[in-house]
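To keep things clear, I will list the structure first and then write my remarks on it.
The values are calculated or read from the model by the stated rules, or taken from the named source; none is laboratory data. Just so it is clear, the model here is predicted, and its values are computed rather than measured. In this analysis, Cβ positions are derived from the backbone assuming ideal geometry, glycine residues included, and neighbour counts consider all displayed protein chains.
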Amino acid sequence: MTTRVEFFDRIRAEMRTARALFPATPMERPARPAETVEIVRRELSERWPATLERFRVEFERVGGVLHRAQTLADVPALIGGIARERGFERLVGWPPASLGADLERLLSAEGLAVEIMPAGEVSESARGDLRPRIARADLGLTGVDLAIAETGTLVLRSGPGRPRSTSLLPPCHVALFERSALLESLQQFGVFLEAWHGDGEGSGGAMINLITGPSRTADIELTLTRGVHGPKEVHAIFVEAGLRV
């Protein structure tokens, strides 16, 4: 039987034979991550248009679709259009405080059957009841904590009022975000992780999902299939005027 040490030694040996690997070094941990986060946010407040454009390029490269809405009032029509093009009827969404917007009435006016997730903590039995209802939905509507331009990645923290199944079980995931969510790089994301968890209280949420395009799975013959372990489609809607509850 292969031991853990032998297993990792074999991986290191194989990596030494690989070519064209970029050099990598550990990132120095910031002494005051919360302060560093504020510095990053101030810098990006001026560079957000270029950051958004890079996010668009990378997000579309991995199969995502980016939409731009001037205001929140424009968002329901966008989602309604996505639903009608695909014959979708049922939508589940995060509650207003987690989503950053209260769109239930306007989404219903688009002809969708809308179910909003509970805002607080739910019992294990209630979670068991919610999952099949979420799985029957056509669209899952969530907010976004961060959008990483370097890789076209959406970062979602789960927790009370933010069930991760909303982004994983329906075949189409729609995520709303504004300029404050934009980051340029994975290095900046590392600083945010430090800030979220630096106090030891687990403020980063029960789980952090990094979503880089629709779900993709390949079998042993490298036949690529979408939607096996997650949504077939991922749409991100950038709201120019920002989100308001």
* To do: Any chance you could count how many residues in the stretch 46-57 are out of contact with any strand residue (DSSP E or B) (no Cβ under 8 Å at 6 or more places or on another chain) and of a type outside the set (Lys, Arg)?
  => 5
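Here's the yes/no breakdown for (1) at pLDDT 95 or above; (2) surrounded by fewer than 18 Cβ atoms within 10 Å (Cβ to Cβ); (3) among the basic types (Lys, Arg):
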site: Thr51; (1), (2), (3): yes, no, no
site: Gln70; (1), (2), (3): yes, yes, no
site: Ile82; (1), (2), (3): yes, no, no
site: Arg86; (1), (2), (3): yes, yes, yes
* Taking Arg10 as the residue in question, decide whether it is out of contact with any His (no Cβ under 7 Å at 6 or more places or on another chain), part of a helix (DSSP H, G or I), at pLDDT below 95 and more than 27 Å from Ala195 (Cβ to Cβ). => yes
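In the stretch 190-218, what residues are modelled with pLDDT under 75 and not in a loop (DSSP other than H, G, I, E, B)?
Arg216, Thr217, Ala218
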* Near pairs, Cβ below 6 angstrom, 6+ apart or cross-chain, from the stretch 118-142 (under 14 Å from Arg164 (Cβ atoms)) to any residue that is of a type in the set (Phe, Trp, Tyr) -> Thr142/Trp94
* Out of curiosity, is Ala109 among the small types (Gly, Ala, Ser) and modelled with pLDDT of 95 or more? -> yes
* Asked: Which one is nearest to Arg216 (Cα to Cα), of the residues in the stretch 154-170 that are in contact with an Asp or Glu (Cβ under 7 Å, 6 or more places away or on another chain) and either at pLDDT 95 or above or assigned to a helix (DSSP H, G or I) (or both)?
  -> Pro170
